[in-house]
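Written out below as structure tokens is the structure these notes cover.
The values are calculated or read from the model by the stated rules, or taken from the named source; none is laboratory data. Nothing here was measured: the structure is a model prediction, and the numbers come from that model. Cβ: placed from backbone, ideal geometry, glycine included. Neighbour counts: every protein chain shown.
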Amino acid sequence: MIIAAALWASLGCSEAVAWGCDGHRAVVYIAERLLSAHTLAAARALLAASPVDPSLSRFCSPVAGDPLVDDASWADDYRAADPHTAGWHFINVPLQTALSTTNEHTYCAAGNCIVDQIAVHYRVLTGAATPAKKAEALRFLLHLIGDLHQPLHAATNGDRGGNCVPVAYYDRAPQESQTTPNDFSPNLHGVWDTSTIRTVMAAHGAVDPRALADYIVSAHALPATVPAQGATKRLAIAWAAAAHRQAQTVAYGRLPMAVGMEPASALTLDSCADNHDIVHRMLAKHIAVGAAYEQWSTPVILDQLRSAGLRLAAAIKAAFP
């Protein structure tokens, strides 16, 4: 609890970025361990030749010398400049529904979801696009493959993927935003995005994303290599379905009290005040998460970060043969 309180004092608003700077960069560091020097050089050269617009406001501090790591959260920064890409970061599958290739289109209108966009950007990266478009596609893949492994980016319970579920995190009670009414922090989504990762890092002395990646692979070693494998829509659906099951069984299933199943029709909310004021209905439950909950959530989070790194490496290896 002391560690958690200290972390929250310095955390600020970092839970606005999915998986946070640390999680997304750890995914890339894990992927880099499985790529040859030639492949890494080719991928880095593509990004370096078409750098990020310097006028774009960047949330994460810069990482010099490695554009793959530095650009891991670029898609979140770009979303603020181009809001129509916001839907590319998740797929709203109702918590009580199993995702499959036969129903995916129901939750991905006009291809505006993470599953379709991973496949789209992989095709751009490996197709006859301009170098600048290829670089943009690689930046999206670096981020979206990471995002898809966050279970609450593949599930919703009429609550914007847990964003509308206020929770007390250790000794920090949920507080409403002074600038955005009906938005509370901590919330369930933010705990999975950032808070638990920061708590793990503090507990194990992981001072930066590279150290977090080191800790993850020390606990569960990587294979010697991964086969090259393109990021297809069918694969992305399988990754999303697995993440969705983790949302069912752990993210929601291990909460200290049942939150109940919301209507499957409550997929996309404009505000946490929608779906019969979901946020205040959840606030009234006084859900608290801490060490007991994280005995279940932490292994899932670390395993999902590792899996994202493996799959990102396979996609990059296929794109840069």
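Residue 162: assigned to a helix (DSSP H, G or I), in contact (Cβ under 8 Å) with a residue 60 or more places away in the chain, of a type in the set (Gly, Ala, Ser) and in contact with a Phe, Trp or Tyr (Cβ under 8 Å, 6 or more places away or on another chain), yes or no?
Details: assigned to a helix (DSSP H, G or I): no; in contact (Cβ under 8 Å) with a residue 60 or more places away in the chain: yes; of a type in the set (Gly, Ala, Ser): yes; in contact with a Phe, Trp or Tyr (Cβ under 8 Å, 6 or more places away or on another chain): yes.
When the stated conditions are applied, residue 162 does not pass them.
Pull out all pairs, ordered by first then second residue, where Cβ-Cβ is under 6 Å, the residues are six or more apart or on different chains, the first lies in the stretch 117-142 and is without any contact (Cβ under 8 Å) to a residue 12 or more places away in the chain, and the second is hydrophobic (A, V, I, L, M, F, W, C).
Between residues of the stretch 117-142 that are without any contact (Cβ under 8 Å) to a residue 12 or more places away in the chain and residues that are hydrophobic (A, V, I, L, M, F, W, C), the close pairs are 133/124.
Given the residues 213, 203, which is the only one that is crowded, with 17+ Cβ neighbours inside 10 Å, modelled with pLDDT of 95 or more and not basic (Lys, Arg)?
Every option except 213 fails the conditions.
Confirm whether residue 73 is surrounded by fewer than 21 Cβ atoms within 10 Å (Cβ to Cβ) and either touching a Leu at 6+ places or on another chain (Cβ under 6 Å) or among the polar types (S, T, N, Q) (or both).
no
Can you confirm whether the stretch 186-208 contains a residue that is outside any loop (DSSP other than H, G, I, E, B), in contact with a Pro (Cβ under 6 Å, 6 or more places away or on another chain), in contact (Cβ under 8 Å) with a residue 24 or more places away in the chain and closer than 30 Å to residue 274 by Cβ?
In the first step, residues of the stretch 186-208 are kept if they are outside any loop (DSSP other than H, G, I, E, B); the result is 187-203.
Of the ones still in play, those that are also in contact with a Pro (Cβ under 6 Å, 6 or more places away or on another chain) are 187.
In the following step, the residues that additionally are in contact (Cβ under 8 Å) with a residue 24 or more places away in the chain were identified as 187.
From what is left, the residues that are closer than 30 Å to residue 274 by Cβ are 187.
Within the stretch 186-208, one or more residues are outside any loop (DSSP other than H, G, I, E, B), in contact with a Pro (Cβ under 6 Å, 6 or more places away or on another chain), in contact (Cβ under 8 Å) with a residue 24 or more places away in the chain and closer than 30 Å to residue 274 by Cβ.
Among what's in the stretch 103-116 and is in a loop (DSSP other than H, G, I, E, B) and touching a residue at least 24 places away in the same chain (Cβ under 8 Å), pick the residue that is surrounded by the fewest Cβ atoms within 10 Å (Cβ to Cβ).
The qualifying residue surrounded by the fewest Cβ atoms within 10 Å (Cβ to Cβ) is 112.
Within the stretch 232-321, considering only helices (runs of 4 or more DSSP H) that don't extend past its boundaries, which have at least 2 residues that are polar (S, T, N, Q) and under 18 Å from the mean Cα position of the chain (by Cα)?
Working: elements: 233-246, 274-283, 291-319.
Filter on the stretch 232-321 gives 291-319.
Exactly one condition in (1) out of contact with any helix residue (DSSP H, G or I) (no Cβ under 7 Å at 6 or more places or on another chain); (2) modelled with pLDDT under 95; (3) among the aliphatic types (A, V, I, L, M) is false for residue 266; which is it?
(1)
Does residue 47 meet the test of being closer than 14 Å to residue 138 by Cβ and modelled with pLDDT of 95 or more?
yes
Taking the residues in the stretch 58-85 that are modelled with pLDDT of 95 or more and small (Gly, Ala, Ser) as candidates, determine which candidate is farthest from residue 208 (Cα to Cα).
In this case the residue turns out to be 75.
Just the residues that are small (Gly, Ala, Ser) and either buried (at least 24 other Cβ atoms within 10 Å of the Cβ) or touching a His at 6+ places or on another chain (Cβ under 7 Å) (or both), please, taken from the stretch 20-42.
Across the stretch 20-42, the qualifying residues are 20, 23, 26, 31.
Please indicate, with yes or no, whether at least one residue in the stretch 292-312 is among the hydrophobic types (A, V, I, L, M, F, W, C), touching a strand residue (DSSP E or B) at 6+ places or on another chain (Cβ under 7 Å) and either buried (at least 21 other Cβ atoms within 10 Å of the Cβ) or at positive phi (or both). Spell out how you get there, then give the answer.
Looking only at the stretch 292-312, we keep the residues that are among the hydrophobic types (A, V, I, L, M, F, W, C), and these are 292, 296, 300-302, 305, 308, 310, 312.
With the extra rule that they be touching a strand residue (DSSP E or B) at 6+ places or on another chain (Cβ under 7 Å), the set shrinks to none.
Among the residues of the stretch 292-312, not one is among the hydrophobic types (A, V, I, L, M, F, W, C), touching a strand residue (DSSP E or B) at 6+ places or on another chain (Cβ under 7 Å) and either buried (at least 21 other Cβ atoms within 10 Å of the Cβ) or at positive phi (or both), which makes the answer no.
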